[in-house]
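Notes for the one structure printed next.
What follows is calculated from the coordinates using simple rules that are stated; it is not laboratory data. Nothing here was measured: the structure is a model prediction, and the numbers come from that model. Positions of Cβ are generated from backbone atoms using ideal geometry, with glycine treated the same way; all protein chains shown enter the neighbour counts.
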Amino acid sequence: MRQKSTDILYLCDNSGGITVSGEAESISILAKHFENVYDIAVIEPSAIDHDRFGKNVYKVVRMNRLKYVFKNPFLFVYYIVKMQKLIKKLSPRIIHTQSQVSFFIVGLLIRLRLINKKDFFLIHTDRGLYLKYSNFINNIFLYCMRYMDALVTTTQYNMNFWSDAIHKKYPNKQFRFSVIENTAGGVYEQYNPQKRKSDLFTIGFAGRYCDWKDWQLAEKICMLIHEKNLNIRFDMAIGTINNTEKNYIAEINTFINRMQRMCGNNFIGRIDHPFEEMDDYYYGVDVFVLTSKPNTESFGRTLVEAMSRKCAVLSTDSGGATEVVGNKSNILSTAEEFAEKIIHWYNSPQELNAEKENCWLYVHKHFSLHNNISKHKKLYEKFLC
């Protein structure tokens, strides 16, 4: 048997230099923690220099996302060939994918016998949501899962759908299933009360600018509250994932300009706010709102980040996010319901402060860095022993 040079190889669809990417942040947390325990390597597409993945990082192309590489057939073939060569060179004992394209590429390489499945264990973390994928994508997933040894999801909600589908597809095959909740990361583990900004009651919204995040609902919530002439600020951190298409950027600017006209000085709009500064952003928010559409959130990391900074949180019933919030009374559906709840907290500061404290206690119990790392360590030990 050949000598293994790498314990765990992480394959990343999105560059670690991207501002908004739950996959990249999760790999960053794991790689940096385990690099002193195991031999770790990361393969990523990248057009940005960064140090989020630790020491052994292999950059394949000058693009930030495999999504863009995929659109160029020649470049995509080049990427696959390079990945195959790197896997051969690194000889990993575990390959851990955390996004779709990398998982599909590994499945393709195994199917074409360009890499030998007997040489490694394959772990995949699904950071999407089973219900959100098309039937075509789900079928590709299920085909590639024949080569998988373990599946990780961030919520039990998502795991229930996947485990049912996998057992139906492969009734006689054994898989390891693990629910490992996301964590906000080390920077969010300690709370500094001196950084909490209380100059003005602030409602926060954060996420990428896309249809399923439902920024129109966020706008309507702000409109209903603003009409009450209350001294409330609205702070929106909008991510683009470096999408530079003119129509896309113009749409975001139109949205922000519309919000500024409506709310005046009580509105703050941020585009691609640096990840390193999001910690301070949450310290300035009293109530954080997630407005995603039904069955579109596999987890909702921004909720965990906000709760770690003692923000009260509200969310739509958007999938896994409901599990993250925990308190069902804070799962709402209409703009009117959100506005009513926020105004109630505005007029009841003691109740709001109690809710903030509850959120902080809940997040440290269920979504701590220790919880995330210890569950991954237990999983890896099953294959590395």
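Structural remarks
- Using only the C-alpha atoms, the convex hull of region 222-379 corresponds to 136 Å³ per residue.
- With both labels modelled 7 Å from their Cα along Cα-to-Cβ, the Asp280 to Asn135 distance reads 5.1 nm.
- Additional length obtainable on full extension of the chain from Asn72 to Met262, 0.36 nm per residue less Cα span: 64.2 nm
- Ordering Asn327, Ile225, Pro294 by the projection of their Cα atoms onto the charge dipole of region 187-366, which places +1 on the Cβ of Lys and Arg and -1 on the Cβ of Asp and Glu, puts Ile225 at the extreme positive end.
- Pairwise inverse Cα distances across region 171-305, averaged and inverted, put the Kirkwood hydrodynamic radius at 16.6 Å.
- Compared with the dominant principal axis of the Cα atoms in the chain, helix 156-169 is inclined by about 30°.
- Taking amide H positions as modeled 1.01 Å from N, with prolines and chain starts lacking one, the residues under 5 Å from Tyr58 and 5 or more places away or on another chain are Val42, Ile43, Glu44.
- Estimated translational D of the chain in µm²/s (Stokes, Kirkwood radius over Cα pairs; 37 °C; 0.692 mPa s): 150
- Student exercise, the chain dipole from Lys, Arg, Asp, Glu Cβ charges, in Debye to nearest 20: 1920
- Ordering of 312-321, 106-115 by burial proxy (mean other Cβ atoms within 10 Å per residue, highest first): 312-321, 106-115
- Secondary-structure-derived ellipticity at 222 nm for the chain, considering helices only, amounts to -13500 deg cm²/dmol, per-run term -39500 (n - 2.57) for DSSP H runs with n ≥ 4.
- 3J(HN,Hα) from dihedral phi, region 189-202, Karplus parametrisation 6.51/-1.76/1.60, rounded to Hz, x for glycine, proline: 6, 9, 9, 10, x, 5, 8, 5, 9, 10, 6, 8, 4, 10
- Note that region 20-161 carries a Kirkwood radius of 15.9 Å, evaluated over its alpha carbons pair by pair.
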